[in-house]
Amino acid sequence: MERVKRVVVKVGSNVLTREDGTLDVTRMSSIVDQIAKLRKNGLEVILVSSGAVACGRSMLRSASRLDSVEQRQLFSAIGQVRLINLYFNLFKDYGISIGQVLTMKENFGTRMHYLNQRSCMEVMLQNKVIPVVNENDTVSVTELMFTDNDELSGLVASMMDADTLVILSNIDGIYNGSPKSQKSQVIETVSPEDDLSQYISTQKSGLGRGGMITKCGIARKVAEEGIRVIIANGKRENILTDLLLGSESPVHTEFVPAAHGASSVKKWIAHSSGFSKGSVMIDDNAVRALKGKGAVSLLPVGVTDIIGEFEEGDIITIMDRNSKPIAIGRASCSSTVAAAELGRHDCKPLVHYDYLSLI
Ligand code: GLU
């Protein structure tokens, strides 16, 4: 039997808020209507929703002088309650239950936490509950926070083996020039080999933390794992239903998915570079072997140096002799054992192919 199509929908703060910063309840309601329709048509939906901080800010305009971390903690704490409450009531009208998933980057760091989160959302979906995911901004305040919810949505799409990730922002897609210029057009499809660097502006679009650069980076990575990624305008009427159910697609940018998806472990590894505990330097032969076509593990014979300390099972970065990271993977032994086996021919792989992902 063909699996029900699974979609992750990410809604940015700019979609959910009005120009004055207050929550746009009409827009939220329209998004909920569309998600209900997707569900009716047999799609499984996971919603990654921003808007907690923006919502909290608009509720507490008079907040006394706070630093940016305190503001984020305070606004997200009160804003998330309002946000989830609204979703609860809007979905209730359709008889749909939702569940709140507040997470942080650390929860993707170890395989055990990763699998725990996956099971949690899996059991929600099996019971027809829509997971509504956001970063736990009240405690996620270190350098280990997500760049933005685009990054979080990419991780969720990858972890939950989604067929499609839709990132809704307040512009129609990626333009081949300044979005403000009349001459610019939305790039309809992006293939893995397309270079977008000349088109992407570093500007952010208002309230959210993200920008086009992160969106594109995430979209590419996720598409490489075999998941279709769409960047579209969440302020357009019926955007989700037109994109996913309609016969004529509205304007958007679509990242073409790689033909062969990555395994679940490889997907986890690919998103784990932020958790690297140490590094190993490898010689040119090993670089060539890893980058070649075959399924190659990293053997101690190709390792020339061990940098930092790591334990068996930790994520490590694999660098070429110029310290350029070329891959990440899960170490099959500690740095002490790896140092003892440096350059040897007769030892087991330091990183097995199944646990290795090229950068
Ligand atoms: N988690 C933040 C919020 O709910 C949004 C982060 C982002 O802008 O992507 O407000």
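Just so it is clear, none of the values below were taken in a lab; they were calculated from the coordinates. Source: prediction; values computed, not measured. So basically every Cβ, Gly included, is an ideal-geometry build from the backbone, and we count neighbours across all protein chains shown.
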| Percent relative contact order of segment 55-155, based on C-alpha pairs within less than 8 angstrom and at least six residues apart? | 29 percent
| message | Based on alpha-carbon centroids, what's the gap between segment 249-276 and segment 107-168 in Å, whole number please? | response | 14 Å
| remark: By the Kirkwood definition, with r running over pairs of different Cα atoms, the chain has a hydrodynamic radius in Å of 21.7 Å
| task | Rounded to whole Hz and in sequence order, give me ³J(HN,Hα) for segment 310-316 from the Karplus expression 6.51 cos²θ - 1.76 cosθ + 1.60, θ = phi - 60°, writing x for Gly and Pro. | result | 8, 9, 4, x, 6, 7, 10
| remark: Of the candidates 298, 190, 74, the farthest towards the positive dipole end of the chain (Lys/Arg Cβ +1, Asp/Glu Cβ -1, centred on the Cα centre) is 74
| request: Give me the net charge of residue 334's neighbourhood, meaning all other residues with Cβ under 14 Å from the Cβ of residue 334; Lys, Arg count +1, Asp, Glu -1. | output: -2
| task | Report, in debye and to the nearest 20, how large the dipole of segment 246-359 comes out about its Cα centre when Lys and Arg carry +1 and Asp and Glu carry -1 on their Cβ. | result | 200 debye
| message | Compute, for the chain, the length of the dipole vector about the Cα centre, with Cβ point charges of +1 (Lys, Arg) and -1 (Asp, Glu) only. Units Debye, rounded to 20. | response | 660 debye
| Size of segment 158-283 as Cα extents on the principal axes (Å, biggest first) | 50, 31, 29
| said: Viscosity 1.306 mPa s, temperature 10 °C: give me the Stokes-Einstein translational D for segment 113-183 in µm²/s, with Rh taken as the Kirkwood radius over C-alpha pairs. | reply: 108 µm²/s
| Residues with amide H under 5 Å from that of residue 98, placed H, sequence gap 5 or more | 130
| query | Modelled label-to-label distance, residue 116 and residue 77, 7 Å Cα→beta-carbon offset: nm? | reply | 2.3 nm
| field | Of 215/277; 105/215; 128/266; 37/221; 40/215, those spanning more than 19 Å from alpha-carbon to alpha-carbon | value | 215/277; 128/266; 37/221; 40/215
| message | For a quick check: sort 61, 72, 288 by the number of other beta carbons within 10 angstrom, fewest at the front. | response | 61, 288, 72
